[in-house]
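This report refers to the structure that appears directly beneath it.
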Amino acid sequence: MIRLSRHHTERIVFAVIGLAAVATAVPIIIIVGSIFFSGAEAVSWQFLLEMPRDGMRSGGIWPAIIGTIYLVVGTGLISIPLGVASAIYLSEYAADSYWTRMIRLAIVNLAGIPSVVYGLFGLGLFVLFLDLGSSIVAACLTLSIMTIPVIISTAEEALRAVPQSFRVVSVGMGATRWQTIRRVVLPQALPGILTGVILGLNRAAGETAPILFTGAAFFLPKLPNSIFDQTMALPYHLFVISTQVPEMPITIQYGTATVLLAFVLIMNILAASVRSWQRRKREW
Amino acid sequence: MFDNPKIRINELSVGYDDGTQALSDVCLDIPENAITALFGPAGGGKSTLLRTLNRLNDLLDVSISGEVIIDDMNIFDRNVDVISLRRRVGIVFAQPIPLPFSIRKNITYGLELAGERRRAKLDDAVEGSLRSSALWDEVKDRLDDSANALSGGQQQRLCIARVLALAPEVLLLDEPTSGLDPISTAKVESSLQILKQDYTVVIAPSSIQQTARIADLAVFMLQGELVEWGSGEDLFSAPREKQTEEYITGRFG
């Protein structure tokens with residue numbers, strides 16, 4: 001057997017892990033690049049702001065964009081308070097007991113459930129049992145169940161990263177536990193919590209399966225009037241025009257994909273800049 | 001020797017939930033307007049005793065028996081308001097831990113918790129407490145800078161100042177100069193000499209030498225028990241117990 005010198009080993013290891021890093025980046029660049037390249041010509045103000053016409057074969061995707069915004073905002077309204085409150089409970093109040101371990105286990109497992117299962121669950125619970133029908137509110141609730149575990153685990157991590165000594169000092173100065181959380185712990189954990197919130201909502205914005213049975217409309221040539229209406233949404237619209245509509249112009253498909261991708265990318269960039277802001281701001 | 005005890009500790013025992021007995025049957029009278037110094041090797045229960053005096057150990061799982069009586073009030077009584085107890089009995093830790101705020105906010109924090117909003121009151125507290133801890137001249141022009149920009153010695157004096165801002169009656173200091181250079185240490189020690197005129201000071205000094213320099217009442221603790229106590233001078237010139245003598249002369253510890 002040939003014995004390599006340390007220097008050779010070093011070079012080989014470096015080359016291999018470098019290649020691995022490049023290999024992961026290449027598909028992303030190709031996907032994003034090809035979609036943006038082919039979709040750019042379809043994207044215009046008309047495309048963004050007009051109603052679809054001609055069985056979606058021409059016109060714009062405005063109702064789908066608005067629908068996705070509604071879904072993301074609604075999901076945020078439900079999942080942010082619930083998720084952050086649960087994270088505060090788990091990190092700051094709950095003792096390490098059998099039950100809290102069970103809750104954590106449940107959260108971890110929730111994060112691993114396939115999204116179509118959430119969709120069917122939402123159909124069973126919100127649409128049928130609670131009789132909300134296929135509606136924005138049912139879709140938001142379903143997306144929230146999917147989003148909350150992401151928010152809880154990132155928020156709890158952010159809260160735990162705040163040094164314990166701050167809590168001791170604060171309590172030592174006569175703060176109650178809630179005052180300590182509110183004034184010291186939460187502000188320090190906020191950027192980390194925001195990152196988790198954005199990542200969670202990002203996933204909600206891009207998913208098709210959970211809204212498929214709970215609130216997404218195949219084609220709706222008007223904007224929803226209330227939260228009990230169905231709505232179009234970008235990911236489902238993309239699925240529909242790619243597979244369900246014959247003689248669909250390819251440019252509209254690419255254009256829709258471009259808009260969805262841009263939506264998600266913008267949110268990701270937002271999360272990344274929040275993270276770097278957090279690092280600069282951190283004082284410990 | 002001292003006839004005006006501020007704090008009376010009766011048969012205090014403290015055990016942690018992992019089974020270690022941190023304090024066993026401690027009895028001690030802590031005089032008002034004097035510096036009481038708890039000294040001895042690590043693991044003697046000094047920190048535990050200090051943290052018991054303002055019930056900061058409540059954050060951990062501890063079992064406590066005995067009494068700590070501050071001004072006729074047993075602090076372990078069921079109806080004691082722990083929050084106000086901690087304001088009366090302030091604590092400074094070994095590591096200076098400024099909260100992640102500005103210098104000013106570090107000091108006003110405790111007052112704001114209690115609902116103080118008047119700007120003039122807060123400003124007075126900032127200046128007064130920083131003067132008392134001998135930090136005012138160094139930071140008066142940059143009160144709104146981050147407290148983390150201060151040096152270790154300045155941070156520790158800030159930590160003393162923010163406790164003083166609450167106008168406590170008792171000041172607990174757990175090795176407050178352990179991370180400080182000699183100049184900062186001297187500043188902290190000299191401010192303690194001034195502070196003891198208004199406060200009851202209980203300190204776990206960082207060294208035997210520091211104990212000798214500042215202690216009015218010196219208390220030697222070994223493995224959770226009080227071995228011996230007496231005025232600083234007496235105890236260091238003529239220790240009664242063999243263990244005390246051996247520790248002071250450096251034979252162990």
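Every number here is computed from the coordinates shown, using simple stated rules; none is lab data. Every value quoted in this text rests on a predicted model; they were computed, and no experiment measured them. Quick reminder, even Gly has a Cβ in these numbers, built from the backbone with ideal geometry, and neighbours come from all protein chains shown.
For chain A, the normalised intensity computed at q = 0.08, 0.11 Å⁻¹ comes to -0.46, -0.78 (log10 of I(q)/I(0), Debye sum over alpha carbons, equal scatterers, no solvent). This model, with +1 at the C-beta of Lys and Arg and -1 at the C-beta of Asp and Glu, gives the protein assembly as shown a dipole about its Cα centre of some 1800 debye.
DSSP assigns beta bridges within the protein assembly as shown; of those with both partners inside it, close to 60 percent run antiparallel.
Projecting the Cα atoms of B:ILE183, A:LEU125, A:LEU71 onto the dipole axis of the protein assembly as shown, where Lys and Arg carry +1 and Asp and Glu carry -1 at the beta carbon, places A:LEU71 farthest toward the positive end.
Each part gets one Cα centre, and for the range B:134-184 versus the range A:168-204 those centres are 26 Å apart. Per-residue ellipticity at 222 nm from helix content only, as computed over chain B with -39500 (n - 2.57) for each DSSP H run of at least four residues, stands at -10000 deg cm²/dmol.
How large is Rg over Rh for the protein assembly as shown, taking Rg from the Cα atoms and Rh as the Kirkwood inverse mean of 1/r across Cα pairs?
Ratio value, two decimals: 1.14.
Our summary gives the range A:59-281 a relative contact order of 30 percent, counting only alpha carbon pairs under 8 angstrom and 6 or more residues apart.
Charged side chains reduced to their Cβ positions (Lys and Arg at +1, Asp and Glu at -1) give the range B:5-248 a dipole of some 900 debye around its Cα centre.
For the range B:181-253, the set of trypsin sites (Lys or Arg not before Pro) satisfying both a DSSP loop assignment and a count of at most 15 other C-beta atoms within 10 Å is given as B:ARG240, B:ARG251. Across the range A:1-74, C-alpha contacts under 8 Å between residues 6 or more apart give a mean separation that, scaled by the residue count, equals a relative contact order of 15 percent.
Normalising by residue count, the range B:1-135 has a Cα convex hull of 156 Å³ per residue.
Checking every one of the trypsin sites (Lys or Arg not before Pro) in the range B:65-104 against DSSP loop status and a limit of 10 other Cβ atoms within 10 Å picks out B:ARG78.
Selection among A:PRO187, A:ILE241, A:PRO27 by position relative to the dipole of chain A gives A:PRO187 as farthest towards the positive end (Cβ unit charges, Cα centre). Ordering A:ALA204, A:TRP178, A:ILE88 by the projection of their Cα atoms onto the charge dipole of the range A:59-281, which places +1 on the Cβ of Lys and Arg and -1 on the Cβ of Asp and Glu, puts A:TRP178 at the extreme positive end.
Applying a threshold of 25 Å to the alpha-carbon distances of B:LYS46/B:LYS140; B:LYS105/B:LYS140; B:LYS196/B:LYS242 flags B:LYS46/B:LYS140; B:LYS196/B:LYS242 as lying beyond it.
Scan chain A and hand back the longest stretch that contains none of the trypsin sites (Lys or Arg not before Pro) lying in DSSP loops with at most 14 other Cβ atoms within 10 Å. Segment A:58-221 is the longest.
Residue by residue, the range B:156-171 carries 3J(HN,Hα) couplings of 5, 5, 5, 5, 5, 4, 6, 6, 4, 4, 7, 6, x, 9, 10, 10 Hz when phi is fed to the Karplus relation 6.51 cos²θ - 1.76 cosθ + 1.60 (θ = phi - 60°); x denotes Gly or Pro.
Helical content of chain A, expressed as a calculated mean residue ellipticity at 222 nm, amounts to -22500 deg cm²/dmol (DSSP H runs of 4 or more residues, -39,500 (n - 2.57) each, divided by residue number, nearest 500). Beyond 24 Å, what share of the Cα-Cα pairs of chain B remains, rounded to the nearest whole percent? Cα-Cα pairs in chain B separated by more than 24 Å: 47 percent. Which whole-number percent is the relative contact order of chain B (Cα, under 8 Å, 6+ apart)? RCO, chain B: 27 percent.
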